[in-house]
Amino acid sequence: MREIGIVMRIAQVAPLYESVPPKYYGGTERVVSYLAEELIRQGHEVTLFASGDSVTRARLVAACQRSLRLDKHCIDQMAYQILMLERVFQRAAEFDIVHFHVDYLHFPLSRRQPITHVTTLHGRLDIPDLVPLYREFRDMPVISISNEQREPLPWANWQATVYHGVPTSLYQFRSEPGSYLAFLGRISPEKRVDRAIKIAKQAQIPLKIAAKVDPVDKDYFENAVKPLLRHPLVEFVGEIGDGEKDEFLGNAYALLLPIDWPEPFGLVMIEAMACGTPVIARRRGAVPEVMEEGHTGFIVRNLEEAVEAVRRVPELNRKRCREFFEKRFTATRMAHDYLRVYERLIRRRKEHKALEECA
């Protein structure tokens, strides 16, 4: 089904760490998948540069056989990232626009090639080491996934803020609340699963934890988190994939997001809302942009407010959560936002080229 008259030839360049979409945890690659499939649904020609185990209707160009996180034989992950970039630029002339999702890795090449391109920055930008790099490459057109994400680099070449979107059919709305609190994501100090456990214990409601443990966080899990899992109210489910998330989130009483870092977006919040499940989140990063306070959940500042928010969940309307998701966070809306940016950048490049030819 085509929704526009002009067909674009679009390249999507994904990280190789996870497949597109990921088999388990993975935010960036999941969003790239939703975007690519929606652009195809709208009639555009999409080429996806990603790992070979990706599943897509796009034309797939693989730089490695499988996602690097799941490839136990891969020693040098950067080798495949460089190989992918080489293949992108070998074929760059085939596309109207190249959309990168690999942070700044391609900047030196993009600066020196006559291509129309844009980069969505998916991670945190409050790291001091990034400042000199983005100052050097402040001509690179970039897109934020929340307005809050931009704050550390307000002078960057921002083209737009495009909130993530999820296909409307991916999650089933459930009108009745479940009997447990849910924590979904990864085990790391900044995600504060320990705080989620404290909230559940004080509220006297069971907590189910579906999360992955990266190698870098293994010691933290073993020493700081694992002892907390022995409580009778706490159940550690482990890492889950898309096939299990609908039931896990949809059957929850509420989602806990007691983060301790500047969250750039928080995809799990809109996944929960798509199920009708309200969110209780700490006021950090993009949380106030994604949630509707008092309607899709509660934004809290500390443990006491979080426990009180759990008690107030019956005040919320699960249908309102789903309606808010459908209004603001669908894959269709996300694709439309990106297409507007693509069109503007393509038009700007054509105008620039015309001026050069006239000079």
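The values are calculated or read from the model by the stated rules, or taken from the named source; none is laboratory data. Computed from a predicted model, the values in this text were never measured in an experiment. We place every Cβ from the backbone using ideal geometry, glycine too, and count neighbours over all the protein chains shown.
Considering only the range 24-49, state which residues are farther than 18 Å from LEU121 by Cα and touching a Lys or Arg at 6+ places or on another chain (Cβ under 9 Å).
Looking only at the range 24-49, we keep the residues that are farther than 18 Å from LEU121 by Cα, and these are 24-25, 37-47.
TYR24, TYR25, GLU37, ILE40, ARG41, GLN42, GLY43, HIS44, GLU45, VAL46, THR47 - these are the residues of the range 24-49 that are farther than 18 Å from LEU121 by Cα and touching a Lys or Arg at 6+ places or on another chain (Cβ under 9 Å).
Filter the range 342-358 for residues that are modelled with pLDDT of 95 or more and more than 19 Å from GLN113 (Cβ to Cβ) and give the result.
If the condition is that a residue be modelled with pLDDT of 95 or more and more than 19 Å from GLN113 (Cβ to Cβ), then GLU343, ARG344 are the ones that fit.
May I ask you to list the residues in the range 170-206 that are outside any loop (DSSP other than H, G, I, E, B) and either β-branched (Val, Ile, Thr) or in contact with a Gly (Cβ under 6 Å, 6 or more places away or on another chain) (or both)? Explain how you work it out, then say what you get.
Going through the range 170-206, the residues outside any loop (DSSP other than H, G, I, E, B) turn out to be 180-186, 193-203.
Residues satisfying the conditions are VAL193, ILE197, ILE199.
For the range 239-251, what are the residues that are of a type in the set (Gly, Ala, Ser) and modelled with pLDDT of 95 or more? Before you say what the answer is, go through the steps one by one.
Within the range 239-251, the subset of a type in the set (Gly, Ala, Ser) is 241, 243, 250.
The answer is GLY250, and nothing else.
For the range 190-205, indicate whether the set of residues that are modelled with pLDDT under 95 and within 17 Å of TYR24 (Cα to Cα) is non-empty.
no
Check the range 219-230 and report whether any residue there is closer than 30 Å to VAL55 by Cα, hydroxyl-bearing (Ser, Thr, Tyr) and surrounded by 13 or more Cβ atoms within 10 Å (Cβ to Cβ).
The answer is no; no qualifying residue exists.
Filter the range 206-224 down to residues that are over 19 Å from the mean Cα position of the chain (by Cα) and among the basic types (Lys, Arg) and give me whichever is modelled with the highest pLDDT.
If we take residues in the range 206-224 being over 19 Å from the mean Cα position of the chain (by Cα) and among the basic types (Lys, Arg), then LYS208 is modelled with the highest pLDDT.
Test GLU18 against the criterion of being modelled with pLDDT of 95 or more and surrounded by 23 or more Cβ atoms within 10 Å (Cβ to Cβ), and give yes or no.
So GLU18 does not fit the description; no.
Taking the range 108-154 as the region of interest, how many residues are within 24 Å of GLY26 (Cβ to Cβ) and aliphatic (A, V, I, L, M)?
Summing the residues that are within 24 Å of GLY26 (Cβ to Cβ) and aliphatic (A, V, I, L, M) in the range 108-154 gives 8.
Pick out the one residue from GLU239, GLU271 that is under 12 Å from ALA182 (Cβ atoms) and among the acidic types (Asp, Glu). Quick ask: steps written out before the conclusion?
On the way: GLU239 fails: under 12 Å from ALA182 (Cβ atoms).
Sole residue among the options that is under 12 Å from ALA182 (Cβ atoms) and among the acidic types (Asp, Glu): GLU271.
Give just the number: which of (1) in contact with a Leu (Cβ under 8 Å, 6 or more places away or on another chain); (2) part of a helix (DSSP H, G or I); (3) not aromatic (Phe, Trp, Tyr) does GLU235 not satisfy?
(2)
From the set of residues in the range 226-253 that are touching a residue at least 60 places away in the same chain (Cβ under 8 Å) and among the charged types (D, E, K, R), which is nearest to GLU29 (Cα to Cα)?
Residue satisfying both the conditions and the ranking: ASP242.
Residue check: is PHE248 over 28 Å from ARG69 (Cα atoms), within 22 Å of the chain's Cα centre (by Cα) and surrounded by fewer than 24 Cβ atoms within 10 Å (Cβ to Cβ)?
So PHE248 does not fit the description; no.
Enumerate the pairs (first residue in the range 12-33 and on the phi > 0 side of the Ramachandran plot and without any contact (Cβ under 8 Å) to a residue 60 or more places away in the chain; second residue anywhere and assigned to a loop (DSSP other than H, G, I, E, B) and not polar (S, T, N, Q)) with beta-carbon separation below 8 Å, excluding pairs fewer than 6 apart on the same chain, so at least 6 apart or on different chains.
So the pair list comes out as GLY26/TYR17; GLY26/GLU18.
Out of ARG318, ARG322, ARG328, ARG311, report the one residue that is in contact with a helix residue (DSSP H, G or I) (Cβ under 9 Å, 6 or more places away or on another chain) and buried (at least 22 other Cβ atoms within 10 Å of the Cβ).
Criteria check complete, one pass: ARG322.
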